[in-house]
Amino acid sequence: MAKPTGSPDPQMMLVSQRQTPLWKRLLMSSLVLFLVAGGFFIAGYYQGIREKIHVLDERAELRLETEQLKQDVSQLQEQAAIHKHGSELERQASERVRKENISLQNRVSELEEAVSFYKGIMAPRKNDKGLRIERLELSSTVNKRRFKYKVVMTQVADNSSYISGSVSLNLVGVRQGVKESIPFEQLSQEQSSSGIPFKFRYFQNVDGEIVVPDEFVPEQIEVIAQSKGRKATRLEKRFDWNVLEVKGDVGKG
């Protein structure tokens, strides 16, 4: 028998469904969002704490390294100061030794020259006897035109008695292209027209100062020595104009 059309199916049940109110759904969504946000906040907070702790640890390590570096720098500075001081002391000692060596060499040279000088007087060569014009020394002064001079005269071998006489000096040079000879009496207060007197047994220094005229170019100094007595001797000798520092005065004997 066929079921009538439009009759209800006895196997189907209609159940009424009640929808959740909108305000509840909003509240639950807000709660979920709050929980999620809270979770992120807490995770970020703890992550920040961990980062801060890590930074603090690194800062502490950097401080320790900085202190160690400061100590190392201080030690290096002390070592550098000690090395510099030692180098300076070594340099000063070397310079002092160098100057002392130069002084000793100069002193040895002076002594050798003195020995040669005295040996030449007491033990001359065979034909080298009597009055001698040994050497002439020139030295500058503060005044560029003023000079000191010293003539060393000796009596060789025949020195059992004194020898006397006078010595004259002339400055030879050029002035305005003309050759000229000027007596020391015009340049110095020590020499007169009769010359500078001498009297000695072994040797004597004849010294003084001269003022060279302006525009005069010195070239040589002419020394003329004239002794007196039975064995009177006249000597003439020229020395080139060489201005040197005087090493020492051999004195008068």
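Details
- Contour minus Cα-Cα distance for K99 and D72 (0.36 nm per residue): 5.7 nm
- Pairs of lysines in segment 130-244 (C-alpha under 25 Å apart; 8 or more residues apart or interchain): 13
- Computed from the C-beta positions of N242 and S161 and an R0 of 35 Å, the FRET efficiency is 0.55 to the nearest 0.05.
- Surface analysis of segment 130-244 yields an accessible area of 53 Å² per residue, using protein heavy atoms and a 1.4 Å probe.
- Relative packing of peptides 223-230, 89-96, 236-243, 130-137 - highest average C-beta neighbours within 10 Å first: 130-137, 223-230, 236-243, 89-96
- Kirkwood-based Rg to Rh ratio, segment 24-123, C-alpha trace: 1.88
- In this rough spin-label picture, where each label sits 7 Å from Cα along the Cβ direction, the W23-L235 distance is 14.7 nm.
- Rounded, prolate or oblate (a/c below 1.5 giving rounded, otherwise prolate when a/b exceeds b/c) for segment 130-244 by Cα gyration tensor: prolate
- For E219, the residues whose modelled amide H falls within less than 5 Å of its own, excluding neighbours fewer than 5 places apart on the same chain, are V172, G173, V174.
The values are calculated or read from the model by the stated rules, or taken from the named source; none is laboratory data. Everything numeric in this text was worked out from a predicted model, so none of it was measured. Quick reminder, even Gly has a Cβ in these numbers, built from the backbone with ideal geometry, and neighbours come from all protein chains shown. What goes into the accessible areas is simple: the full protein's heavy atoms, side chains included, and nothing from ligands, DNA or RNA. Shrake-Rupley method; radii C 1.70, N 1.55, O 1.52, S 1.80 Å.
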